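The structure appears below as structure tokens.
The values are calculated or read from the model by the stated rules, or taken from the named source; none is laboratory data. Note that the structure is predicted; figures quoted are calculated from it, not measured. Positions of Cβ are generated from backbone atoms using ideal geometry, with glycine treated the same way; all protein chains shown enter the neighbour counts. Areas reflect the complete protein model, heavy atoms only, side chains present, ligands, DNA and RNA absent. Shrake-Rupley method; radii C 1.70, N 1.55, O 1.52, S 1.80 Å.
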Amino acid sequence: MITLRAMTQDDIEHGYAITQQLKWPHRREDWQQALALGEGVVAEEQGKFVGSAFGWRWGEHAATIGLVVVNPTCQGRGIGKQLMLAVMEKFPDAVIRLHATEMGQGLYQKLGFKVTGTIQQHQTRELAAVPAVSLPTGLTLRNAEANDVDLLTELDHQAHGMWRPQLMQTLIADHQTVLLHDAQQRVQGFASLRRFGHGWAIGPVIARDIEVAQALIAALMQGLRGEFVRIDTDAALPLASWLEKLGLVKVDAPTTMYRGTPWSPQAGEMQAFGLMTQAMA
């Protein structure tokens with residue numbers, strides 16, 4: 001019999017072990033960050049950890065679900081469905097977003113999720129070409145500071161409808177986050193660089209247009225020559241071809257799915273050119 005309970009810090013080692021079996025790149029530290037920003041559900045059988053799933057509430061009306069994992073020896077028994085239902089119960093009034101593997105897409109469709117697009121995972125094991133930083137005319141680059149949290153939270157919300165002040169605070173305090181502003185100090189975009197998986201991940205990348213997004217990414221790539229670098233981008237936005245030219249090849253293309261009405265950015269507002277993670281979006 002499968003029993004479900006809330007995840008604790010003591011479960012991280014078990015979850016990490018499963019992602020290692022599945023050849024997922026997540027480190028223990030990535031699991032710890034996921035739990036610090038969200039909440040997890042654990043599936044047990046006779047006291048043994050057999051699977052888990054995470055959910056993150058981003059304000060009153062938005063949530064994401066991710067890191068849904070089941071021990072390979074226990075797959076095909078409906079454990080993933082039980083985990084999904086348990087996490088979904090936490091967000092009854094929210095629009096929920098997730099990114100599905102080919103294996104999981106059928107289950108999520110049965111649970112009311114609809115396909116809305118594709119995310120392209122681009123990466124390189126050794127960054128060979130570090131692009132020059134070419135700032136759009138009239139814009140200035142600087143590091144984000146603690147007093148930028150509220151502003152970055154608003155710009156992030158414009159892009160995908162999620163309120164993530166705790167995440168913005170973490171990105172500024174614990175990671176490298178840069179922004180571009182004009183002469184009137186109006187911020188035109190921001191992006192973060194952090195340790196994740198096999199090396200470095202750049203994201204989120206929130207920008208007014210493609211030129212701003214490229215400048216932010218180029219700024220964060222300085223010093224990363226020879227390093228593993230990953231960026232996850234929406235296939236509907238024009239960033240992928242530029243990443244390919246830099247040697248970040250597409251290695252995966254999970255499906256974006258929503259339960260509820262997807263967020264649609266207003267004309268002229270921010271767009272999410274890069275994700276935080278596929279799980280947290």
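Ala17 passes every criterion in (1) of a type in the set (A, V, I, L, M, F, W, C); (2) assigned to a helix (DSSP H, G or I); (3) buried (at least 16 other Cβ atoms within 10 Å of the Cβ); (4) more than 18 Å from the chain's Cα centre (by Cα) apart from (3). Of the residues making up the range 244-281, just one is more than 27 Å from Met84 (Cβ to Cβ) and of a type in the set (Val, Ile, Thr), namely Val249.
Rundown of residues vs (1) closer than 25 Å to Leu275 by Cα; (2) open to solvent by 40 Å² or more (accessible area, probe 1.4 Å); (3) at pLDDT below 95, yes/no style:
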residue: Leu4; (1), (2), (3): no, yes, no
residue: Ile12; (1), (2), (3): yes, no, no
residue: Leu37; (1), (2), (3): yes, no, no
residue: Val42; (1), (2), (3): no, no, no
residue: Gly55; (1), (2), (3): yes, no, no
residue: Glu60; (1), (2), (3): yes, yes, yes
residue: Thr64; (1), (2), (3): yes, no, no
residue: Leu67; (1), (2), (3): yes, no, no
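Does the range 97-119 contain at least one residue that is farther than 19 Å from Ala63 by Cα, open to solvent by 20 Å² or more (accessible area, probe 1.4 Å) and outside any helix (DSSP H, G or I)? No, there is no match, as no residue in the range 97-119 is farther than 19 Å from Ala63 by Cα, open to solvent by 20 Å² or more (accessible area, probe 1.4 Å) and outside any helix (DSSP H, G or I). Annotation note: of Gly226, Gly268, the sole residue that is of a type outside the set (A, V, I, L, M), farther than 23 Å from Ala94 by Cα, open to solvent by less than 50 Å² (accessible area, probe 1.4 Å) and over 17 Å from the mean Cα position of the chain (by Cα) is Gly226. Cβ-Cβ contacts under 6 Å between residues 6 or more apart (or on different chains), taken from a first residue in the range 258-273 that is at positive phi to a second residue that is outside any loop (DSSP other than H, G, I, E, B), are listed as Gly260/Val95. Is at least one residue of the range 165-181 open to solvent by 10 Å² or more (accessible area, probe 1.4 Å) and touching a Pro at 6+ places or on another chain (Cβ under 9 Å)? No: zero hits. Just one of the listed residues (Ala191, Ala218, Ala183) is within 18 Å of the chain's Cα centre (by Cα) and in contact (Cβ under 8 Å) with a residue 12 or more places away in the chain, and it is Ala191.
Taking the range 262-281 as the range and being of a type outside the set (A, V, I, L, M, F, W, C), modelled with pLDDT of 95 or more and within 13 Å of Met162 (Cα to Cα) as the test, the residues that pass are Pro262, Gln271. Filtered by the rule that a residue be open to solvent by less than 30 Å² (accessible area, probe 1.4 Å) and either closer than 17 Å to Arg259 by Cβ or in a loop (DSSP other than H, G, I, E, B) (or both), the range 44-53 gives a lone residue, Ala53. Here Ala146 fulfils each of the conditions (1) open to solvent by 70 Å² or more (accessible area, probe 1.4 Å); (2) closer than 21 Å to Val229 by Cα apart from (2).
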